[in-house]
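Presented below is the structure to which this report refers.
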Amino acid sequence: MPNEVKNIEDLKGFKSILANNERLMGLDLGSKRIGISVSDPLLQIALPIKTIERAKAKIMAGQLNELVEKFNIGGLIFGMPLNMDGTQGKSAQSATDTAKLISNSLNLHYGFWDERLSSVAVERFFEKPKKSRKTKIINKKEIDNLAAAFILEGALRFINS
């Protein structure tokens, strides 16, 4: 485990710091829930795992730590909610603060990936064809962990490019 938790600004740096067979965990930080995904050990694909409720830091850290141990996680990728023009607003600052808190509590390096429209992309992909937008195949909790996989998948493509 790292001595000092750092934001890995160039995500390609994860390849050199991950131990053999360690995976990355993707997190979509919502105001009510956190969507969670994990990579395979080869950092090729992202798999949606689950959604947890936002709670006190100690509770969330405990739930996340269980997944870190279960899946041999060596680093974290957080969705960065940038404004549509690419600037950072209040949501981005909140994501940064939460990412630092979670990363420090898990003692894992972390990075960010642009999450603009990730939830929208997932919702549109899973809509029932020719139905109203109110009729969905999946619920909001599922959207959160699928959005986390969407975010992690984008980061993995970049890391491997």
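Looking at Gly74, Gly26, Gly89 in this structure, which one is touching a Leu at 6+ places or on another chain (Cβ under 6 Å) and more than 15 Å from Ile151 (Cα to Cα)?
Details: Gly26 fails: more than 15 Å from Ile151 (Cα to Cα); Gly89 fails: touching a Leu at 6+ places or on another chain (Cβ under 6 Å).
Unique residue meeting the criteria: Gly74.
Looking only at residues that are out of contact with any strand residue (DSSP E or B) (no Cβ under 7 Å at 6 or more places or on another chain) and under 23 Å from Pro81 (Cα atoms) in the range 10-31, which one is surrounded by the fewest Cβ atoms within 10 Å (Cβ to Cβ)? Walk me through it before giving the result.
Within the range 10-31, the subset out of contact with any strand residue (DSSP E or B) (no Cβ under 7 Å at 6 or more places or on another chain) is 10, 12-13, 15-16, 20-21, 30-31.
If we keep only those that are under 23 Å from Pro81 (Cα atoms) too, we end up with 10, 12-13, 30-31.
Numbers: Asp10: 9, Lys12: 12, Gly13: 15, Gly30: 20, Ser31: 7.
Residue satisfying both the conditions and the ranking: Ser31.
Give the residues of the range 64-120 that are closer than 18 Å to Leu156 by Cβ and charged (D, E, K, R), sorted by residue number.
Matches in the range 64-120: Asp114, Glu115, Arg116.
Could you check how many residues of the range 60-98 are surrounded by 14 or more Cβ atoms within 10 Å (Cβ to Cβ) and not in a loop (DSSP other than H, G, I, E, B)?
The qualifying residues number 21.
Computed from the coordinates by the stated procedures, all read-outs in this text should not be read as laboratory data. For clarity, every value in this text was computed on a predicted model and none was experimentally measured. Ideal geometry is used to build each Cβ from the backbone, glycine not excepted, and the neighbour counts take in all protein chains shown.
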